[in-house]
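Trainee: Here it is, the structure in full.
Laboratory data are not the source of any read-out in this text; all were calculated from the coordinates shown. All values reported here derive from a predicted model rather than from experimental measurement. No Cβ is skipped: glycine too gets one built from the backbone with ideal geometry, and neighbour counts run over all protein chains shown.
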Amino acid sequence: MARQASPYVDAPRLPEQDEIDVASLLAQTTGDLELEIGPGRGMFLLERLAAAPDARVIGLEIRRKWSQLVDEKVRARGLGARARVLADDARLALAKLRPDGAVARVFVHFPDPWWKKRHAKRFVIGDALVGEIARLLRPGGELFVQTDVEDRAAQYVAEIAKDLRLSPAGDAPGSPRLSANPYGARSNREKRADEDGLPVHRMRWTRA
Ligand SMILES: C[S@@+](CC[C@H](N)C(=O)[O-])C[C@H]1O[C@@H](n2cnc3c(N)ncnc32)[C@H](O)[C@@H]1O
């Protein structure tokens, strides 16, 4: 029997260029530009559009199914000019985005759900991605990361500390740790962690 094509093969993706003007991805030309890496089922992205009516948001989601479904949801709500979700690997995509300093905020919620050593190569947060985030953030721009795994939080703190362009911006001076999510929007996994009473490790850095 012939194999059926995935219904998501045509999920929207970044243009096939080495350098992409990030603002050109959206019809709306004004408002802070925000990136969400791995939005999954998209709750944060949709809530964020409501919480920050002037912000524009681009989601980069490696799973075509979720990128397409969330992108369709955004458009169905009439928000397609302010937001897109594209089916791309953030580890490759960020390096193509221009210009430096174009982005106000980067959100990464509950990345890296892999436990086997051989899956470490899939990790999103690594030195290459952190370097691209630091390049893309404007001065004072924010990187917000959350996870429900303490070891991963420690790993991210150590990784991000290596990039001197990013300064810890948590509750206490010198620490990236935040007790609450200040962005008026929750991710699907965050909501579930809250409902299950699981601790969530939240961290923020700003671009020097
Ligand atoms: C554990 S899920 C969390 C989903 C969502 N952020 C949340 O908090 O509910 C991790 C998400 O990151 C996506 N992801 C993993 N690697 C990625 C990559 N290299 N680029 C873009 N998205 C990625 C996965 O497909 C998945 O949707």
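Trainee: Compute the distance in nm between two label points, each set 7 Å from the Cα along the Cα-to-Cβ direction, one at Ala95 and one at Ser24.
Mentor: 2.0 nm
Trainee: Would you mind ranking Thr30, Thr206, Thr147 by Cβ crowding within 10 Å, fewest neighbours first? Present the calculation step by step, with values, prior to reporting the outcome.
Mentor: On the way: Thr30 9, Thr206 17, Thr147 25.
Going from sparsest to densest Cβ surroundings: Thr30, Thr206, Thr147.
Trainee: Long-range amide H contacts for Asp32: which residues qualify at under 5 Å (H placed 1.01 Å from N, peptide plane, sequence gap of 5 or more or a different chain)?
Mentor: Amide H neighbours of Asp32: Arg56.
Trainee: Go ahead and run the numbers for FRET between Trp115 and Ala51, Cβ-Cβ distance against an R0 of 30 Å, rounding to 0.05.
Mentor: 0.40
Trainee: Further, regarding this structure: Pick out which of Phe123, Phe107, Phe44 has the largest mean-square fluctuation in a Gaussian network model of the chain, springs linking Cα atoms closer than 10 Å.
Mentor: Comparing Phe123, Phe107, Phe44 in a Gaussian network model of the chain, the most mobile one is Phe123.
Trainee: Can you compute the helix-only [θ] at 222 nm over the chain? Use -39500 (n - 2.57) per DSSP H run of at least 4 residues, normalise by all residues, nearest 500 deg cm²/dmol. List each step's numbers first, then the result.
Mentor: Working: 6 runs with 56 residues, N = 208.
It lands at -7500 deg cm²/dmol.
Trainee: Restricting the calculation to Cα positions, tell me the Rg (one decimal) and the Dmax (whole number) of the stretch 20-207 in Å.
Mentor: 15.4, 43
Trainee: Loop-only check: which GluC sites (Glu not before Pro) in the stretch 1-108 are DSSP coil with at most 10 other Cβ within 10 angstrom?
Mentor: On the way: sites: Glu16, Glu19, Glu34, Glu36, Glu47, Glu61, Glu72; in loops: Glu16, Glu19, Glu61.
Here the sparse-neighbourhood loop sites are Glu16, Glu19.
Trainee: Along Cα→Cβ, 7 Å out, is where each label goes; now give me the distance between the ones at Asp194 and Ala128 in nm to one decimal.
Mentor: Between Asp194 and Ala128, the simple spin-label model gives 3.5 nm.
Trainee: If you take every DSSP beta bridge whose two residues both sit in the chain, what share of them, in percent to the nearest 5, is antiparallel?
Mentor: 35 percent
Trainee: Filter the chain for me: DSSP H helices, axial length by Cα at least 30 angstrom, mean Kyte-Doolittle hydropathy not below 1.6. List them by residue number. All intermediate terms of the calculation are to be shown ahead of the outcome.
Mentor: Numbers: long enough: none.
Flagged H segments: there are none.
Trainee: Which residues' amide hydrogens lie under 5 Å from the amide hydrogen of Ile20, considering only partners 5 or more residues apart or on another chain, with H built in the peptide plane?
Mentor: Those lying under 5 Å, H to H, from Ile20 are Leu97, Arg98.
Trainee: Longer than 25 Å from Cα to Cα, which of Lys73/Lys191; Lys96/Lys117; Lys96/Lys191; Lys65/Lys96 are they? Say none if no pair is.
Mentor: From Lys73/Lys191; Lys96/Lys117; Lys96/Lys191; Lys65/Lys96, over 25 Å: Lys96/Lys117; Lys96/Lys191.
Trainee: Now a separate question. Residues with amide H under 5 Å of Asp112's amide H, sequence separation 5 or more or different chain, H placed in the peptide plane at 1.01 Å from N; which?
Mentor: Under 5 Å from the amide H of Asp112 lie the amide H atoms of Val124, each far enough along the sequence or on another chain.
Trainee: If you don't mind, another one. What is the distance, in nm, between label points placed 7 Å from the Cα along the Cα-to-Cβ direction at Lys65 and at Ser179?
Mentor: For the pair Lys65/Ser179, the computed spacing is 3.9 nm.
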